[in-house]
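Nothing in this text is a laboratory measurement; each read-out follows from the coordinates by a stated rule. Treat the numbers as computed from the prediction; the structure is a model and nothing was measured. Here the Cβ positions follow ideal geometry from the backbone for every residue, glycine too, while neighbour counts run over all protein chains shown.
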Amino acid sequence: MSFANMKVVRFAPWNVGQSTMNSDFSCSPGNDSYKLPCAIRFTRVFHHAIQLLRDKLTTEQKSRVAAVLPTVRWNFEDIDLVVDLQLRQDLPDISIARQAVRDPAMQITINRETLHDSAWGRTSFGAAFLSGDLRIHGLPPLALTRFIPLMKHMLASYREALEQFDETSNA
């Protein structure tokens, strides 16, 4: 399947619920950060994790990653969620694309459980990759050294975002 033909569900807090998310759509109360969040909560947490990631990376790190990966598509197959990130080298930044990116430089296909378990150390991206639970397309071998640190920061941002979300939902 080409990237251009993929169904894209816009990623924005104001349209959560307008997608064709299939299962686990309703959220139950609770603040267990180790528990896999429902589709709605996961979408909001992932959005916040991207904001935190922007703050965690230095200008130099953003610039180095953007040089080889100007766009990254996260495809969460289990909830029909596609998130396109834009990385700018000229003004080092990471942002969520307002429109679907036609041909992303890289695509990460994963389900939210694999990302969640990787963030909490119950699995690793390496194990997920070997088992087929994580698929990466378009990553040049030379970019791997720039991608791995980015993923470490992404997992830390996800954990922090989930903890913050849980704290504010119980306040």
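List the trypsin sites (Lys or Arg not before Pro) within segment 52-109 that fall in a DSSP loop (any state other than H, G, I, E or B) and whose Cβ has at most 15 other Cβ atoms within 10 Å.
R98, R102
Which of S95, S157 comes first, and how do the rest follow, when ranked by fewest Cβ neighbours within 10 Å?
Ascending number of Cβ neighbours within 10 Å: S95, S157.
Gain in length, Q86 to K152, computed as 0.36 nm per residue apart minus the alpha-carbon separation, to one decimal in nm?
Full-extension gain reported as 21.9 nm.
For segment 40-144, report the translational diffusion coefficient in µm²/s to the nearest whole number, using Stokes-Einstein at 10 °C, 1.306 mPa s, and a Kirkwood Rh over Cα pairs. Each step should come with its number before you reach the end.
Details: Rh = 14.4 Å.
Rounded to a whole number, D works out at 110 µm²/s.
Where the centroid of each part is defined by its Cα atoms, how far is segment 136-163 from segment 108-129 in Å?
One Cα centre to the other: 11 Å.
Pop a pseudo-label 7 angstrom from the Cα along the beta-carbon direction at both L144 and W120 and give the gap in nm to one decimal.
Using points 7 Å along Cα→Cβ, the separation is 3.0 nm.
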